[in-house]
Ligand code: 13P
C-alpha cells in the first residue's frame with residue numbers, strides 16, 4: 001500500500017543556528033508515531049547537522065537537489081555519492097524553481113533521476129504546470145510530457161524508489177492553493193497515466209504528493225482526497241507548529 005508522506009522543502013532558508021532551532025522544535029513536538037512519513041529538506045550546508053540531530057527520530061532528512069554526474073569539474077555542485085556518504089537517502093528533483101531559475105530541462109532531469117536511482121537514492125520527483133498552461137487547458141498534456149520525458153525511462157522495479165509531487169507553479173508561494181478537486185483530478189490523471197505506461201500495481205503503489213500553498217487550515221481537505229497521499233510543503237514548513245499540524249492532518 002502506498003504511504004502518506006509530508007515533506008518540508010526549506011528552500012534557501014535557515015542558516016546553521018536557525019536550522020538547529022527549527023530541528024529542536026520539530027524533535028520536541030513531533031508525535032511519537034505520526035500518521036505519515038515525515039521529511040525535511042534543509043540547505044546543503046545544514047544537511048549533515050540535520051541528519052545527526054534527527055537520526056534517532058522518525059523524521060528523515062532529505063536533499064533539495066543533486067548533480068547528475070558521478071564526480072568531476074562541476075564547481076558548486078553536489079553528487080549522489082556525497083549525499084549518501086552523510087546518510088541522506090532521498091533527494092528532491094525537478095522542483096519548478098530549479099526548472100525556472102537553473103534551466104533544468106526534462107532531459108537533464110531524466111539524467112538526474114537515473115543517477116539518483118543508480119545510487120540507491122529515493123527520488124521525490126516534482127512537476128506541474130504554469131498558469132498559462134492551465135488557462136489554455138494544456139495542463140494534462142504538459143504534466144504527461146514532464147513525466148514521459150524524465151521518468152518513464154526507469155525500470156518497473158525502480159518505481160518503489162519514486163515519490164511524485166504535483167506542484168502547480170501558480171500555487172507555489174502564492175497563497176493560492178489548487179482546490180482539493182483540482183488536485184484530485186490531476187492526481188487521478190497521473191495515476192491512470194502511470195497505469196497505462198507501466199501497470200496498475202505500480203500506479204496504485206506510488207505516493208503522489210500535492211505541493212503549493214499547503215497550510216494548516218487547508219491540508220486536511222486536500223489530503224482527504226483519494227489520490228492525494230500527502231504534501232510537499234514550502235513556507236509552512238519553516239514553522240514547527242504549522243508543519244506538524246500539517247503532518248497531523250490525515
Ligand atoms: P509553498 O508551500 O510555499 O507554496 O511552496 C511549495 C513548494 O514549492 C514545495 O516544494
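Miscellaneous remarks
- Residue pairs meeting the criteria (Cβ under 7 Å; at least 6 apart or on separate chains; first assigned to a helix (DSSP H, G or I), in segment 134-150; second loosely packed, with under 15 Cβ neighbours inside 10 Å): 149/107
- Lone qualifier among 164, 131 - being within 15 Å of the ligand (Cβ to nearest atom) and buried (at least 20 other Cβ atoms within 10 Å of the Cβ): 164
- Residue check, residue 117 over 21 Å from residue 230 (Cα atoms) and either more than 16 Å from the ligand (Cβ to nearest atom) or in contact with a strand residue (DSSP E or B) (Cβ under 9 Å, 6 or more places away or on another chain) (or both): yes
- Candidates 236, 203, 220, 171, filtered to the one that is more than 12 Å from the ligand (Cβ to nearest atom) and either surrounded by fewer than 18 Cβ atoms within 10 Å (Cβ to Cβ) or more than 23 Å from residue 122 (Cα to Cα) (or both): 220
- Scope segment 186-199; condition in contact with a helix residue (DSSP H, G or I) (Cβ under 9 Å, 6 or more places away or on another chain) and surrounded by fewer than 18 Cβ atoms within 10 Å (Cβ to Cβ); matching residues: 189, 192, 193, 195, 196, 197, 198, 199
- Lone unmet requirement of (1) in contact with a helix residue (DSSP H, G or I) (Cβ under 8 Å, 6 or more places away or on another chain); (2) part of a helix (DSSP H, G or I) for residue 70: (2)
Quick note: the coordinates plus some simple rules give every number you see, no bench work behind them. This one's a predicted model, so the numbers in the text were calculated from it and none came from an experiment. No Cβ is skipped: glycine too gets one built from the backbone with ideal geometry, and neighbour counts run over all protein chains shown.
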